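Q: Before we start, here is the structure in question, set down as structure tokens.
The values are calculated or read from the model by the stated rules, or taken from the named source; none is laboratory data. No experiment lies behind these values; they were computed from the predicted model shown. Cβ placement follows ideal geometry from the backbone for every residue including glycine, while neighbour counts extend to all protein chains displayed. When the accessible area is computed, the model is the full protein with side chains, heavy atoms only, and any ligands, DNA or RNA have been set aside. Shrake-Rupley method; radii C 1.70, N 1.55, O 1.52, S 1.80 Å.
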Amino acid sequence: MEASAADPMARRMAGFKDFYQHAAPTRVIAGGDLLGSTGFEFKKEGAGRVFVVTDAVIRATGLVDRVEAGLRDGGLEPAGVFDEVPQDSSTDVVDRCAAAAKEAGADSFLAVGGGSVMDTAKVADAVFTYGGSARDQEGFFLMPRGDDGMGRPFEIAPLACIPTTAGTGSEVSMAAVIKDPKAKVKLEIADFPLFPRLAILDPESTRTLPPRVAAATGMDAVTHAIEGYVSTDWSPHQDARSLHALRLIRENFERAVGTPEDEDARGNMLIAANIAIAIELGSVHAMSHAAGALFGVPHGIANAIHLPHVIRFNAEGGPDIADRYRDIADVLGVEAGGDVGEALAEHITQLVIRLGLPTRLSDVGVPEAGIPDLVQGAMGDGTTILNPREVGEEDYVALYTRAL
Ligand SMILES: [Fe+2]
């Protein structure tokens, strides 16, 4: 972190970093008509008897039947289907899913769904393989390893993901977020074994996605791209991913929501969400995790509400942070002028309005009296320390109050 005497902040978010790591071991296949090849492709990753994890809405569209046919075509055996994942999955659901996979004699997992389904399958696979419960998996880099915990982590059963939203990017991430309904927090779980072995991106998977869900989950991808770019844990690898994801989002997001029959736009949004994914995030995610855990605000909608306020706050934190937002504004075609935070925040708000999503917490059932608990939740969230501007309780009170 070299800084010049003239401008001590100038190189904090540029130059050659002291340290970062980047891993993207998931094999991604993208294109049309891929669902029928699910078995052919997943067999290459070691699958035999495949346990399918999904939700009831997706199952009702017939997508799961087509994927199961694709498994059989490739010589794999569907061992069972767990379709009880709710919109916001919980530790109990994960534990039931793992037990059902054991009962079915499965040897691998296939998630067909959005973030909640994929995160359920990831953590259920860890419980299935390592034993214990979903709660036991909490933490970063705590999965069992060889060489007395110093070696390579033990792999979990083969896992493939077919995302049905263009949003979370969970299909290529090592992280999962699961609600603990008793503690009213979202458990964050991350380690290398949670990287799925295979992700299949086929626009057919998002064909029946309701526009409001496409809008909300797309805002999660927007938020990953932006927070990943401005995080204290920024990296040149993530910079490249974030900026290209934003280019794809600029060209395709509103088309994909407004004209769902546009297969190009839907396919490009799947790619955008896939490359935007970052676990180096910031205060938008801290605030949204708390709003989801305490008031059930859907993740993408919470991000859409919080993002402009956090951009304004962060951009006032110094010229190096503002310069990062200026890069984002350039890619999105925003005329920033002197106050890039304000210009970019206003651009995001107008996008959210055009998408038909709410812009205030009070629109989605969050009362003013809930702010103290939200602040505590955000302060305790692991992403708070990765926010580019230091953020304390008073700051979160102000941010939530503005977002109300
Ligand atoms: Fe997210």
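Q: So in region 153-171, with the set limited to residues that are in contact with a Leu (Cβ under 8 Å, 6 or more places away or on another chain) and β-branched (Val, Ile, Thr), which one is nearest to the ligand (Cβ to nearest atom)?
A: Among them, the one singled out is Thr165.
Q: Taking region 105-127, which residues are assigned to a strand (DSSP E or B), within 16 Å of the ligand (Cβ to nearest atom) and either modelled with pLDDT under 95 or β-branched (Val, Ile, Thr) (or both)?
A: Within region 105-127, no residue meets the criteria.
Q: Hey, Glu280 hits all of (1) touching a helix residue (DSSP H, G or I) at 6+ places or on another chain (Cβ under 6 Å); (2) in a helix (DSSP H, G or I); (3) open to solvent by 20 Å² or more (accessible area, probe 1.4 Å) but one; which does it fall short on?
A: Of (1) touching a helix residue (DSSP H, G or I) at 6+ places or on another chain (Cβ under 6 Å); (2) in a helix (DSSP H, G or I); (3) open to solvent by 20 Å² or more (accessible area, probe 1.4 Å), only one is false for Glu280: (2).
Q: Filter region 212-242 for residues that are over 11 Å from Ile277 (Cα atoms) and open to solvent by less than 30 Å² (accessible area, probe 1.4 Å) and give the result.
A: Once the filter is applied, which keeps residues that are over 11 Å from Ile277 (Cα atoms) and open to solvent by less than 30 Å² (accessible area, probe 1.4 Å), region 212-242 yields Ala214, Ala215, Ala216, Thr217, Gly218, Met219, Val230, Ser231, Trp234, Ser235, Asp239.
Q: (1) of a type outside the set (Asp, Glu); (2) within 16 Å of the ligand (Cβ to nearest atom); (3) out of contact with any strand residue (DSSP E or B) (no Cβ under 9 Å at 6 or more places or on another chain): which one isn't true of Asn252, the others all being true?
A: In the conditions (1) of a type outside the set (Asp, Glu); (2) within 16 Å of the ligand (Cβ to nearest atom); (3) out of contact with any strand residue (DSSP E or B) (no Cβ under 9 Å at 6 or more places or on another chain), Asn252 misses (2) alone.
Q: For region 153-171, name all the residues that are at pLDDT 95 or above and assigned to a loop (DSSP other than H, G, I, E, B). Full working, then the answer.
A: Within region 153-171, the subset at pLDDT 95 or above is 153-166, 169-171.
Scanning region 153-171 gives Phe154, Glu155, Ile156, Ala157, Pro158, Thr164, Thr165, Ala166, Gly169.
Q: Going by what's in this entry, would Ala403 be described as in contact with a Lys or Arg (Cβ under 9 Å, 6 or more places away or on another chain) and crowded, with 19+ Cβ neighbours inside 10 Å?
A: When the stated conditions are applied, Ala403 passes them.
Q: Within region 352-377, restricting attention to residues that are assigned to a helix (DSSP H, G or I) and touching a Phe, Trp or Tyr at 6+ places or on another chain (Cβ under 6 Å), which residue is surrounded by the fewest Cβ atoms within 10 Å (Cβ to Cβ)?
A: Ile371
Q: If you don't mind, there's one more thing I want to ask. Out of Gly146, Gly131, which single residue is without any contact (Cβ under 8 Å) to a residue 12 or more places away in the chain, within 18 Å of Cys97 (Cα to Cα) and surrounded by fewer than 16 Cβ atoms within 10 Å (Cβ to Cβ)?
A: None of the others qualify; the one that does is Gly131.
Q: Same structure again: Please go through region 42-60 and pick out each residue that is under 20 Å from the mean Cα position of the chain (by Cα) and open to solvent by less than 30 Å² (accessible area, probe 1.4 Å).
A: Val53, Thr54, Ile58
Q: Can you tell me how many residues within region 260-277 are open to solvent by less than 10 Å² (accessible area, probe 1.4 Å) and either touching a Lys or Arg at 6+ places or on another chain (Cβ under 8 Å) or polar (S, T, N, Q) (or both)?
A: Narrowing region 260-277 to residues open to solvent by less than 10 Å² (accessible area, probe 1.4 Å): 265, 269-270, 272-273, 276.
This time we only want the ones that are either touching a Lys or Arg at 6+ places or on another chain (Cβ under 8 Å) or polar (S, T, N, Q) (or both), so: 265, 276.
Residues in region 260-277 being open to solvent by less than 10 Å² (accessible area, probe 1.4 Å) and either touching a Lys or Arg at 6+ places or on another chain (Cβ under 8 Å) or polar (S, T, N, Q) (or both): 2 in total.
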